[in-house]
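I have placed the structure first, in the form of structure tokens, so that the comments after it can refer back to it.
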Amino acid sequence: MYCTRGFAISIYMKLLVVQTNPEFGDKKTNLESIETLVGDRKADLIILPELCTTGYQFKNKKELDSLAESTQGPTCERLAKLSARTNSHVVAGFAEKDQGRLFNSSVLVGPDGVEGTYRKVHLFYKEKSLFHEGDLGFPVFRAGDARLGMMVCFDWIFPESARTLALKGAEIIAHPANLVLPHCQRAMITRALENHVFIATANRIGAEGRESEQLVFTGQSRVVAPSGKVLADGPREAQAVLEVNIDLKEARDKHITSKNHLFDDRRKGQYEI
Ligand code: ACM
């Protein structure tokens with residue numbers, strides 16, 4: 001477990017959370033639109049939504065397979081160029097193909113390519129008939145000065161996701177999302193507070209109705225501090241870039257009072273799980 005004792009020093013980082021409205025299946029347009037939204041901003045970490053280059057509602061596995069790529073593919077190459085141009089690490093949700101298997105993944109990309117991959121563990125609704133379940137656990141990576149973990153969308157409703165990342169030392173949880181239920185944004189205040197981590201949810205807007213059912217995505221991307229304070233909120237129906245400065249020091253102190261520590265006070269023997 002990451003050491004949470006002693007004097008923490010301030011380490012400032014700038015986050016950009018990008019809220020997009022992808023065109024289903026048009027990876028080129030969607031990448032251009034992300035690049036335009038980011039513009040000439042510089043940052044330390046850019047967070048993009050789930051499946052941000054393909055869109056969400058695949059009709060079947062064949063269609064998903066035709067749009068999915070490996071982490072060495074052209075989408076991640078282009079995200080590496082965005083990383084280089086902005087001096088920033090980039091977290092992006094994308095459809096990953098690995099040895100014929102399809103994952104709803106999130107990648108951490110630096111200027112030379114992918115530095116970390118997370119594969120969505122908790123698949124939502126019809127994703128269950130399209131994607132393989134994530135098989136990499138909840139890894140924690142370095143992104144500049146920060147220890148960074150990733151969750152993808154529906155992972156939020158399982159507190160174990162954020163807890164596992166926090167216990168493994170994550171200070172920032174990057175959370176690419178395509179949210180359709182109304183609860184996540186409020187729940188992220190609790191997830192951040194109960195783990196003393198920063199959580200940055202990058203959600204999308206718009207609607208997809210490629211089958212009989214129309215899905216409406218809820219926007220309102222959000223960044224929450226370890227104190228539970230909301231640092232930035234996106235609009236409900238427009239594309240947006242949230243710019244937030246954070247101090248990692250806040251995530252390194254796990255005390256709630258001088259006598260209460262979020263991790264040391266856990267009573268594992270009492271939980272019976
Ligand atoms: C979701 O997990 N995309 C709702």
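Relative intensity of region 232-273 on a log10 scale, I(q)/I(0) at q = 0.25 Å⁻¹, equals -0.90, per a Debye sum over C-alpha point scatterers of equal strength in the absence of solvent.
When only the Cβ of Lys, Arg, Asp and Glu is charged (+1, +1, -1, -1), the dipole of the chain relative to its Cα centre reaches about 560 debye. Among beta bridges from DSSP that stay inside the chain, the antiparallel ones total about 70%.
Inverting the pair-averaged 1/r between distinct Cα atoms of the chain gives 18.6 Å as its Kirkwood hydrodynamic radius. Output the pairs from LYS97/LYS126; LYS229/LYS254; LYS27/LYS120; LYS42/LYS168 with a Cα-Cα distance over 24 Å in this structure; if there are none, say none. Checking Cα-Cα distances, LYS42/LYS168 exceed 24 Å.
Summarising the overall dimensions of region 186-227 from its C-alpha atoms, the Rg and Dmax are 14.0, 42 angstrom. If you run the Gaussian network model on the chain, springs between alpha carbon atoms under 10 Å, then out of LEU51, LEU193, LEU167 the most flexible one is LEU167.
Over all directions, how big on average is the projection of the convex hull of the alpha-carbon atoms in region 72-114, in square nanometres?
Convex hull of Cα atoms, orientation-averaged projection: 2.7 nm².
Once the 1.4 Å probe is applied to the protein heavy atoms, the chain comes out at 44 Å² accessible per residue. Within the full protein context, the accessible area of ASP98 is estimated at about 40 Å² for a probe radius of 1.4 Å. Adding -39500 (n - 2.57) for every DSSP H run of four residues or longer, then dividing by how many residues the chain holds, sets the calculated 222 nm ellipticity at -6000 deg cm²/dmol. Comparing THR117, THR190, THR20 in a Gaussian network model of the chain (Cα springs below 10 Å), the most mobile by mean-square fluctuation is THR190.
Carbon-plus-sulfur accessible fraction, the chain (probe radius 1.4 Å, protein heavy atoms only): 50%.
A quarter of the convex hull surface defined by the alpha-carbon atoms of region 152-273 gives 9.0 nm² as the mean projection.
In region 1-153, the inverse of the mean reciprocal separation of distinct Cα atoms equals 16.0 Å; this is its Kirkwood hydrodynamic radius. For the chain, leaving out every one of the chymotrypsin sites (Phe, Trp or Tyr not before Pro) that falls in a DSSP loop and has at most 16 other Cβ atoms within 10 Å, the longest unbroken run is 8-262. Rounded to the nearest angstrom and listed largest first, the equivalent-ellipsoid semi-axes of region 88-240 from its Cα gyration tensor are 22, 20, 15. Would you mind telling me which residue in GLY55, GLY169, GLY25 has the biggest mean-square fluctuation in a Gaussian network model of the chain, where springs connect alpha carbons within a distance under 10 angstrom? Taking springs between Cα atoms under 10 Å, the residue moving most is GLY25.
The values are calculated or read from the model by the stated rules, or taken from the named source; none is laboratory data. Please read all numbers here as calculations on a predicted model, not as lab measurements. Cβ coordinates were reconstructed from backbone atoms using ideal geometry, including for glycine residues, and neighbour counts include every protein chain displayed. Heads up: the accessible areas ignore ligands, DNA and RNA and are worked out on the full protein's heavy atoms, side chains in. Shrake-Rupley method; radii C 1.70, N 1.55, O 1.52, S 1.80 Å.
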